[in-house]
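Read through the structure below, which is laid out as structure tokens, and then see the notes.
The values are calculated or read from the model by the stated rules, or taken from the named source; none is laboratory data. All of these numbers come straight from a predicted model, not from anything done at the bench. No Cβ is skipped: glycine too gets one built from the backbone with ideal geometry, and neighbour counts run over all protein chains shown. Surface areas here come from the heavy atoms of the whole protein model, side chains and all, with no ligands, DNA or RNA. Shrake-Rupley method; radii C 1.70, N 1.55, O 1.52, S 1.80 Å.
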Amino acid sequence: MRFALILAATALLGACASTTESNTGRTATEQLLMSRAADQAVDGLRLPIPPGSRVYVEGRYFQGEGSNYAQSAVRQALSEAGFALADDRNQADAIFELRAGALSLEQMRRVVGLPALALPINENLNVVSIPELSLYSRRDRVGVAEFSGFVYDAHTGAPLGAVAPMLGEYRIRSHRVLMMVTWGQQSARPGEQDPGDSWREF
């Protein structure tokens, strides 16, 4: 009987779960936020030149984490808009020089209660961490993308026009009550083309 009670207590104590985010440059969720924001930014992209023109996308000034995905999204948007893509600038009618105003993440957390704190305890700057003690907290993670650029003639360099800043945002919102009950976390499952909109789903 005593053994059975110990076994049951061990099972109850061991029946817990935790989530660990990786320590790479970007977690999967962060990559999803940035890529979805980039997709939204280029939705409906048009250039001030006739459709069917051969366009070379100049991306050497468009650098940073996620830039390759964003450039591919731009190329797809141009293709869907009826422009022909040129892989060589010498074969293009126009050059679209792309630049990024932003391609990163924002995070905001609202807490009803005491947020997590790091308090100094001596002159050596040692700190003690106090965990969050809240009745309710809300976390917003937002991918933000802003792109712009200008177009010029591939042969003469003459200006053909500019593209106003294109802005895209993608947001995941999660909630927590009494530091234990959570909802609103987004999940993308294999086979899903679009993991959905967290504003509508939760």
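Take the residues in region 99-153 that are closer than 18 Å to GLN40 by Cβ and among the hydroxyl-bearing types (Ser, Thr, Tyr), then tell me which one is surrounded by the fewest Cβ atoms within 10 Å (Cβ to Cβ).
Among those residues, the one meeting the criterion is SER148.
Return yes or no: is ALA38 within 30 Å of ALA158 (Cβ to Cβ), more than 27 Å from the chain's Cα centre (by Cα) and open to solvent by less than 80 Å² (accessible area, probe 1.4 Å)?
no
Of (1) farther than 20 Å from LEU167 by Cβ; (2) open to solvent by less than 90 Å² (accessible area, probe 1.4 Å), SER67 satisfies all except one. Which?
Result: SER67 fails condition (1) only.
For ASP197, which of the numbered conditions (1) out of contact with any Leu (no Cβ under 8 Å at 6 or more places or on another chain); (2) closer than 30 Å to GLY59 by Cβ; (3) surrounded by 12 or more Cβ atoms within 10 Å (Cβ to Cβ); (4) at pLDDT 85 or above fails to hold?
It is condition (4) that ASP197 fails.
Which condition from (1) closer than 16 Å to PHE150 by Cα; (2) of a type outside the set (A, V, I, L, M, F, W, C); (3) open to solvent by 70 Å² or more (accessible area, probe 1.4 Å) is the one that SER53 breaks?
(3)
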